[in-house]
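Engineer: This structure is in structure tokens; I'll ask about it shortly.
The values are calculated or read from the model by the stated rules, or taken from the named source; none is laboratory data. Not measured: the values here are computed from a predicted model. Every residue, glycine as well, gets a Cβ built from its backbone with ideal geometry; the counts of neighbours run over all protein chains shown. In case anyone asks, the SASA skips ligands and DNA or RNA and just uses the protein heavy atoms, side chains included. Shrake-Rupley method; radii C 1.70, N 1.55, O 1.52, S 1.80 Å.
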Amino acid sequence: MRSKAHISSHPIHPMLVAFPIGLFITSLAFDAIGVSQGIPSLWSAGWYCILAGDIMAVLAAIPGAVDLFTTVPPQSSARSRGYRHALLNVLVLFLFIAVAAYRGGPAAAPDQTSFTLSAIGVFCLFISGWLGATLVYRNQIGVDHRFAGASKSRTVTVNDWNLPVCKDEDLAPGQLLLAVIQGARVVVGRCPDGLMAFDDHCTHKGGPLSDGALVGCTVQCPWHGSQFDVHSGTVVAGPAKDSLKTYDVQARDGQIYVFPKRTETEKAA
Ligand code: FES
């Protein structure tokens with residue numbers, strides 16, 4: 001899923017997190033060497049590293065929060081992982097703010113309490129970093145999938161089911177578009193049998209099917225490879241077990257409209 005906080009499709013959060021990670025680990029190293037070798041300038045540098053790390057952690061948290069709430073698919077395993085990642089980062093930030101405040105300034109030598117808090121902070125940082133890497137390398141958060149001829153905007157937001165989601169010509173065969181219609185995340189696409197629309201939420205662990213691959217009239221989830229028939233929503237291949245929700249889709253006057261599925265009685269009425 002493409003990050004919303006990006007520079008030319010390069011997500012900002014991963015660019016900034018290198019600073020607090022490096023600064024917090026360096027501060028612990030400076031403190032340890034400074035105290036063991038009796039070099040006050042090193043533990044002073046350690047204190048300043050903590051200060052700079054705290055500032056950079058706050059800055060990194062801003063695009064991170066934007067990605068968490070706008071890019072990570074809701075009600076998915078990645079969203080839960082993102083919450084754990086964010087909570088750990090907040091804990092790390094508070095630990096290092098506490099260390100800086102406890103020492104009171106660069107002149108104070110770190111004592112046992114300072115070392116303990118810093119070591120816990122660095123340990124939590126490793127776990128949080130592991131979760132962050134899983135979000136990127138496994139859940140593909142921030143990855144900008146592209147395919148030839150696709151429109152630049154593959155996500156549209158529409159406030160009413162009666163409004164078109166895109167122009168008919170915007171969807172080439174095999175292409176997918178994510179339409180957020182009154183909060184519902186609907187994937188619209190064109191397969192060899194024509195237009196179709198289905199839920200973005202993979203029924204396995206909530207993977208974003210709009211980032212999946214459409215082959216013929218089957219869509220494959222990018223996370224664990226479940227496959228669904230796009231017209232009926234039935235599972236073609238697991239691990240997913242439950243069918244996808246599908247929608248009615250219509251092309252009218254060169255525009256594409258999507259509607260919640262109507263029952264046969266509703267259609268007849
Ligand atoms: S989330 Fe696991 S296959 Fe889609």
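Engineer: Go through the residues of the stretch 143-154 one by one and say whether even a single one is under 18 Å from the mean Cα position of the chain (by Cα), within 16 Å of the ligand (Cβ to nearest atom) and not in a strand (DSSP E or B). Lay out the reasoning, then the answer.
Structural biologist: First, the residues of the stretch 143-154 that are under 18 Å from the mean Cα position of the chain (by Cα): 143-146, 153-154.
Applying the additional criterion that residues be within 16 Å of the ligand (Cβ to nearest atom) yields 143, 145.
When the remaining residues are screened for being not in a strand (DSSP E or B), the result is 143, 145.
There is at least one residue in the stretch 143-154 that is under 18 Å from the mean Cα position of the chain (by Cα), within 16 Å of the ligand (Cβ to nearest atom) and not in a strand (DSSP E or B).
Engineer: Further question: Here are Ser36, Ser8: which of them is under 22 Å from Phe123 (Cβ atoms), modelled with pLDDT under 95, of a type outside the set (Val, Ile, Thr) and surrounded by fewer than 17 Cβ atoms within 10 Å (Cβ to Cβ)? Full working, then the answer.
Structural biologist: Working: Ser8 fails: under 22 Å from Phe123 (Cβ atoms).
So the residue among Ser36, Ser8 that is under 22 Å from Phe123 (Cβ atoms), modelled with pLDDT under 95, of a type outside the set (Val, Ile, Thr) and surrounded by fewer than 17 Cβ atoms within 10 Å (Cβ to Cβ) is Ser36.
Engineer: On to the next question. Working carefully through the options Ala213, Ala172, find the one that is small (Gly, Ala, Ser), without any contact (Cβ under 8 Å) to a residue 24 or more places away in the chain and either farther than 28 Å from Leu135 by Cα or buried (at least 19 other Cβ atoms within 10 Å of the Cβ) (or both).
Structural biologist: Working: Ala213 fails: either farther than 28 Å from Leu135 by Cα or buried (at least 19 other Cβ atoms within 10 Å of the Cβ) (or both).
Among Ala213, Ala172, only Ala172 is small (Gly, Ala, Ser), without any contact (Cβ under 8 Å) to a residue 24 or more places away in the chain and either farther than 28 Å from Leu135 by Cα or buried (at least 19 other Cβ atoms within 10 Å of the Cβ) (or both).
Engineer: Give the stretch 189-210 a look and list any residue that's open to solvent by less than 30 Å² (accessible area, probe 1.4 Å), within 11 Å of the ligand (Cβ to nearest atom) and touching an Asp or Glu at 6+ places or on another chain (Cβ under 8 Å), or say none.
Structural biologist: Pro208, Leu209
Engineer: While we're on this one: Within the stretch 216-239, take every residue that is away from the ligand (no atom under 12 Å from the Cβ) and open to solvent by less than 30 Å² (accessible area, probe 1.4 Å) and give me the one that is farthest from the chain's Cα centre (by Cα). Don't jump to the end; show me each part of the working.
Structural biologist: Filtering the stretch 216-239 for residues away from the ligand (no atom under 12 Å from the Cβ) gives 216-218, 229-234.
Restricting the remaining residues to those that are open to solvent by less than 30 Å² (accessible area, probe 1.4 Å) gives 217, 230, 233.
Numbers: Cys217: 27, Val230: 25, Gly233: 25 Å.
Among those that are away from the ligand (no atom under 12 Å from the Cβ) and open to solvent by less than 30 Å² (accessible area, probe 1.4 Å), it is Cys217.
Engineer: Please determine, by comparing only the residues of the stretch 1-43 that are without any contact (Cβ under 8 Å) to a residue 12 or more places away in the chain and outside any helix (DSSP H, G or I), which one is nearest to the chain's Cα centre (by Cα).
Structural biologist: Among those residues, the one meeting the criterion is His10.
Engineer: Of the residues Gly174, Gly194, Gly212, Gly189, which is over 19 Å from Phe259 (Cα atoms) and either of a type in the set (D, E, K, R) or at pLDDT 85 or above (or both)? First the steps, then the outcome.
Structural biologist: Details: Gly174 fails: either of a type in the set (D, E, K, R) or at pLDDT 85 or above (or both); Gly194 fails: over 19 Å from Phe259 (Cα atoms); Gly189 fails: over 19 Å from Phe259 (Cα atoms).
When all the criteria are applied, what remains is Gly212.
Engineer: Then there's this: Asn162 passes all but one of (1) more than 29 Å from Ile12 (Cα to Cα); (2) open to solvent by 50 Å² or more (accessible area, probe 1.4 Å); (3) within 16 Å of the ligand (Cβ to nearest atom); which number fails?
Structural biologist: (3)
Engineer: Which pairs do you get when a residue that is without any contact (Cβ under 8 Å) to a residue 40 or more places away in the chain and under 14 Å from Thr134 (Cβ atoms), found in the stretch 79-101, comes within reach of a residue that is assigned to a helix (DSSP H, G or I) and not aromatic (Phe, Trp, Tyr), reach meaning Cβ atoms under 8 angstrom, with the pair 6+ apart or on two chains?
Structural biologist: Tyr83/Leu68; Ala86/Ala61; Ala86/Gly64; Ala86/Ala65; Ala86/Leu68
Engineer: Another one. Name, by its number, the condition in (1) surrounded by 13 or more Cβ atoms within 10 Å (Cβ to Cβ); (2) at pLDDT below 95 that does not hold for Val92.
Structural biologist: (2)
Engineer: Let me ask something else about it. Does Ala98 count as in a helix (DSSP H, G or I) and modelled with pLDDT under 95? Steps first, answer last, please.
Structural biologist: On the way: in a helix (DSSP H, G or I): yes; modelled with pLDDT under 95: no.
It is false that Ala98 is in a helix (DSSP H, G or I) and modelled with pLDDT under 95.
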